[in-house]
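> Please read through the structure below; I'll follow up with questions.
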Amino acid sequence: MTGNSKFAIYGALGANLCIAAVKFVAASITGSSAMISEGIHSTVDSGNSLLLLLGMKRSQRPADAGHPFGHGKEIYFWSLIVAILVFSLGGGMSVYEGISHLQHPVALSDPMWNYIVLLAAMVFEGASLFYTIRQFNKSRGKLGFWKELSLSKDPGLFAVIYEESAAIAGLVIALLGVWLGHYFQNPVFDAGASILIGLVLVFVAITMVRESKGLLVGESAGTPIVKGIYNLVNNEPRVHTLYYPLTMHLAPNEILLALDVEFKGDMTVKELFGTIQHLEDQIKKEYPSVKKIYIEAKNFEGKDRPWEDL
């Protein structure tokens, strides 16, 4: 877990707490359904940031007898909980609020407060999103932005980017709904905006569930890392056959690596151990996120000097 992701979460938390309070005040003054949905959205996002911070803290606990590989996957569990909350509280309540206002329309009062709050929220949410994207770009690869985001192993960054993107989309929808409702003097537009905001949140939640589920179940390291490890080990002169490396993320910056290697037979046991140690040192130097390495050493059957006879 990087400091970049923690700072991004703190920034999003501060912005969402302030924006949520102002949105609810504006909603109480104007009676806007879309503003209530936006207030709910920002409140849920604030709670989500706290859960991600909790997950980050718990994931950094050291390994123990019950968890010999550490607690790194805690952050993936809490990111899954965040996705569920976005779906149920954010999306579900926004859709409910919109349907309720369709059934019982409420005439809109002066929307000036809505415009002020929504435009201010766009500035704060946009600044938070810009900062988070900048942090993400520091560590992403050469693939397209959205492709790299879908491959990211750090919920502290990808969850915030998804949430802030949904927040800005929701603000645009809310602004449009308030303006149309006021222009046509028809609260249906405002209620419809609330439903659309809910659907946006549901879509984002489903995306986050898919990302978190893959990491929680056990996702491999990125292809560049796996191929890089394969080439590094395969180029060792004393390696005869290397099977494809098996990797799994235990945390955003902690990878478990298992290698099945056939070494050449004309080696002493001392040389074998020395070669294995050399490979482990090289791998950890080139790929610092690889924290645990397990190498199953096999003797090539065409050897001249089997280790068992030494």
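> Given the options A221, Y244, P187, identify the residue whose Cα lies farthest towards the positive end of the charge dipole of the range 172-310 (+1 on Cβ of Lys, Arg; -1 on Cβ of Asp, Glu).
Checking the options against the dipole of the range 172-310, the answer is P187.
> From the P(r) of the chain, can you give the percent of Cα pairs sitting at distances over 33 Å?
40 percent
> Take the cross-link list K138/K264; K73/K264; K57/K270; K57/K147 and give me the ones stretching past 30 Å between alpha-carbons.
In this structure, K138/K264; K73/K264; K57/K270 lie more than 30 Å apart at Cα.
> Still on this model: Would you please give the residues with an amide H less than 5 Å from that of K291, counting only those at least 5 places away or on a separate chain, with H modeled from the backbone geometry?
Amide H neighbours of K291, under 5 Å, 5+ apart: I255.
> Sticking with this one: Between rounded, prolate and oblate, where does the range 27-66 land on the alpha carbon gyration tensor, with a ≥ b ≥ c its root eigenvalues, rounded for a/c under 1.5, else prolate if a/b exceeds b/c?
prolate
> What figure, in Å² to the nearest 10, do you get for the accessible area of V200 with a 1.4 Å probe and non-protein molecules left out?
That residue has around 40 Å² of solvent-accessible surface.
> Give me a comma-separated list of calculated 3J(HN,Hα) values for the range 181-189, in order, Karplus coefficients 6.51, -1.76, 1.60 applied at θ = phi - 60°, integers in Hz, x for any Gly or Pro.
Using θ = phi - 60°, the values come out as x, 6, 5, 8, 6, 9, x, 4, 4 Hz.
> Another question about this same structure. With a 1.4 Å probe and all protein chains kept in place, how do S139, S100, S42, S220 rank by accessible area, largest first?
Ranking S139, S100, S42, S220 by accessible area, largest first, yields S139, S220, S100, S42.
> What is the angle, in °, between the Cα long axis of helix 93-103 and the longest principal axis of the Cα atoms in the chain? Nearest 10 is fine, range 0 to 90.
In the chain, helix 93-103 runs at an angle near 30 degrees to the longest axis.
> Based on Cβ point charges of +1 for Lys and Arg and -1 for Asp and Glu, what charge dipole magnitude is obtained for the range 151-310 about its Cα centre, in debye rounded to the nearest 20?
On the way: 14 positive and 20 negative charges, 33 e Å.
In debye, rounded to 20, the range 151-310 gives about 160.
> Kindly give Rg over Rh for the range 17-126, based on alpha-carbon atoms, with the Kirkwood expression for the hydrodynamic radius.
A ratio of 1.16.
> Per residue, how much accessible surface does the chain expose to a 1.4 Å probe? Answer in Å², no decimals. Don't skip to the end; give the middle numbers.
On the way: 15130 Å² over 310 residues.
For the chain, the per-residue accessible area is 49 Å².
> Which three extents, in angstrom, do the Cα atoms of the range 68-202 have along their principal axes, listed largest first?
60, 28, 22
> For the chain, what proportion of DSSP beta bridges, expressed in % and rounded to the nearest 5, is antiparallel?
If I count the DSSP bridges inside the chain, around 45 percent turn out antiparallel.
> A follow-up question, please. So if each residue of separation counts as 0.36 nm, and I subtract the Cα-Cα distance between A63 and F184, what length gain in nm does that give?
Gain on stretching A63 to F184: 37.4 nm.
> Can you give me the angle between helix 3-30 and the longest principal axis of the chain, using Cα atoms only, in degrees from 0 to 90, rounded to the nearest 10?
Tilt relative to the chain: about 10 degrees.
> Put +1 on the Cβ of every Lys and Arg and -1 on every Asp and Glu Cβ in the chain; which of H101, T268, S152 then has its Cα farthest towards the positive end of the dipole?
Highest projection toward the positive end goes to T268.
> Which net charge results when you count Lys and Arg as +1 and Asp and Glu as -1 among the other residues whose beta-carbon is under 14 Å from that of V233?
Summing Lys/Arg as +1 and Asp/Glu as -1 gives -1.
The values are calculated or read from the model by the stated rules, or taken from the named source; none is laboratory data. Small disclaimer: the values here were computed from a predicted structure and weren't measured. Cβ coordinates were reconstructed from backbone atoms using ideal geometry, including for glycine residues, and neighbour counts include every protein chain displayed. These area figures cover heavy atoms from the full protein model, side chains too; ligands, DNA and RNA do not enter into them. Shrake-Rupley method; radii C 1.70, N 1.55, O 1.52, S 1.80 Å.
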